[in-house]
Every structure is written in structure tokens, then in C-alpha cells.
1. What pairs can you find where one residue is in segment 47-74 and of a type in the set (D, E), the other is in a loop (DSSP other than H, G, I, E, B), and their Cβ atoms are less than 6 Å apart, with a gap of 6+ or different chains?
2. How many residues does segment 97-110 hold that are more than 30 Å from A285 (Cα to Cα) and either β-branched (V, I, T) or in a strand (DSSP E or B) (or both)?
3. Among what's in segment 202-235 and is touching a Leu at 6+ places or on another chain (Cβ under 6 Å) and surrounded by fewer than 21 Cβ atoms within 10 Å (Cβ to Cβ), pick the residue that is nearest to Q191 (Cα to Cα).
4. Any chance segment 154-177 includes a residue that's over 30 Å from M240 (Cα atoms), surrounded by fewer than 21 Cβ atoms within 10 Å (Cβ to Cβ) and out of contact with any strand residue (DSSP E or B) (no Cβ under 9 Å at 6 or more places or on another chain)?
5. What do you reckon, is A265 touching a residue at least 12 places away in the same chain (Cβ under 8 Å) and within 16 Å of Q191 (Cα to Cα)?
6. Among the residues of segment 263-289, what is the count of those that are closer than 28 Å to K164 by Cα and in a helix (DSSP H, G or I)?
7. Kindly establish whether I133 is at pLDDT 95 or above and either more than 16 Å from I226 (Cα to Cα) or in contact with a Gly (Cβ under 7 Å, 6 or more places away or on another chain) (or both).
8. Among the residues of segment 1-12, how many are at pLDDT below 95 and surrounded by 17 or more Cβ atoms within 10 Å (Cβ to Cβ)?
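The values are calculated or read from the model by the stated rules, or taken from the named source; none is laboratory data. Here the structure is a predicted model, which is why all the values come from computation and not from measurement. As a convention, Cβ positions derive from the backbone with ideal geometry for all residues, glycine included, and neighbour counts pool all protein chains shown.
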Amino acid sequence: MTDPQRILVAGGQGRLGKALGALGCTAPGRDRLDITDAAKTASVIEQTMPGVIINTAGFTNVDAAEAEPELARRINADGAGLLARLAAVSGIPLIHVSTDLVFSKGDPSKPIREKAATAPASVYGETKLEGEIQVRAAGGRHLVTRVSWLFGNDSMSFVAKILKLGREHETLRLVTDEYGRPTPFDALARQLVDLAGMMAGGRDLPSVLHLGSPGPVNRLEWAEQIFAVSAKLGGPAPKMEPVLGSAFKTPARRANGVVLDTSLADQLIGPMPDWRPACDASVKALLGA
């Protein structure tokens, strides 16, 4: 296993970046490491000489990307490519974090493998796919990881947002045709560090891996888990009404029925823990229980 301090994280002050920083990785903020700034990025790489780079930086607001496609592309695509080229020139392996939203449609009973044809439905998905393409084109040792539905104890996570809505409304309409693998930031961070250690040790890995917790669910099922714990703790417990995603008009189209197949990663590094205990702990923390 490589020393986490020898892992350089781009996007170090984001939620996943902070989880990696908590494991001892070098995770500078954007003021020091900005993947859209070639001079800054090259300087940090030269100063730190990392064994592996993990790119968690990104424009992640799916709806906002529809209104700001150029900014999303500058970060998600061109920034990813810039970092990959600098890593390649320095001979440093790169792990790039991408998304399930490079796909737009699937069958939740048939999880999607790494080599499946991509077809993003949103600007966010398009720019993340362009980032994957630029990372591959850079020609260095790389690993593209695709993830979905990351969460923690922060106010931006689905857990906090749905609890807030539960306090404000007696009934919530929740989508049944949008699927994912709820994945704790810290669990993903541990797997990324394990993969970084393999790459630093010279092990050959697939060019793409799907990562995520076992037990894919739809939005309604995830909310049911959250409010079951909330109710026991005296927190909000609204009624829940199942609806299709088409009931909501959002700037960005959402993926329908997409579940990533994580079996390849499970064989390589072992499966992640089930997401439910971490979700329950997040509910308790957010309710102050």
C-alpha cells in the first residue's frame, strides 16, 4: 500500500476530496491546485512529486450545467484532460472520477458493465464523458472510475435534502424510475486509496471501473430507508407518493433505470460495505441524535 501522503488529490476541498484528505492524502484547495490552470497544476505536481494523482475536481451541479455548459466543459472535460496530460508527461498514474450519468437509460435488473456504449442525456453527462475521452487520449497510465449517488453528513447530500423536505411537507413525491447505488464518501475514498496503491505498485488495472455500494435502489426506496430511521428518532416522517421522473420538470434530463455493475471492482478490491448503516448514521448525525 502506498503512503497516502504520496497521493495528490485534485478537488481537495470538495466532499470526496475532503474524505481522501481525512485518510492522509495530499488534498490542496482550488486556490493552489486548479485543473483549468496549467501553470498552477504543473507547479503543484513538480513540488509534490506524487506517486498517484486522483482527480475528484468537477462541475457537479447537473441542472446548473445546462445553463453554464462552457464552464462545465472547461472543468469536467478540458480540466480533466489538462491534468491527465501533465500526469502522463511526469509518468504519474492518474485515477479520474467520473459518473453514471455518461449513461441515460438502462434496466435496473441488468446492471451496466464498463464496456457498454455510453449515451449521456445531459450537459453534465456529456462533459464528464468528454473528460473520460481526454484522459484516455493523454496516453498515460490511468483509471477512469464511475460512481453514483455519493452521500455524507453534509447539507448538500440527498440525506440532508430529503430530511429538510420532510420537515416542510406532509407528503413527498418520490421517483421510482431513477436508480443508483447510494455510496458513502468515506467508503469510496478508501477504495480509491486502495486502487492508487495498486497503480503505484505497478499493477495493471482495467481502464474503467464501476464503483459503488451493494444494494441499488430507486429514490423512493432510499427515502424510505431515511425516514424509517428518522421516525424512530422523532424526526420527520412524511407520507411518500411514488411517481415517475417525468412528473418533475428539471433543466437536465435524468437517467432512467441506470445501475452500474460493480462486479469487476468487487473481484479486484472486494465489495464496499452496504450503504444502509452509513445512511442510518448520517440521519442520526443530521438530526443531532
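1. If the second residue must be in a loop (DSSP other than H, G, I, E, B), the pairs left are D63/T250; D63/P251; D63/A252; E66/P251; E66/A252.
2. 4
3. Among residues in segment 202-235 that are touching a Leu at 6+ places or on another chain (Cβ under 6 Å) and surrounded by fewer than 21 Cβ atoms within 10 Å (Cβ to Cβ), the one nearest to Q191 (Cα to Cα) is L205.
4. The answer is no; no qualifying residue exists.
5. When the stated conditions are applied, A265 passes them.
6. Here the count works out to 13.
7. Against the criterion (at pLDDT 95 or above and either more than 16 Å from I226 (Cα to Cα) or in contact with a Gly (Cβ under 7 Å, 6 or more places away or on another chain) (or both)), I133 qualifies.
8. Summing the residues that are at pLDDT below 95 and surrounded by 17 or more Cβ atoms within 10 Å (Cβ to Cβ) in segment 1-12 gives 2.
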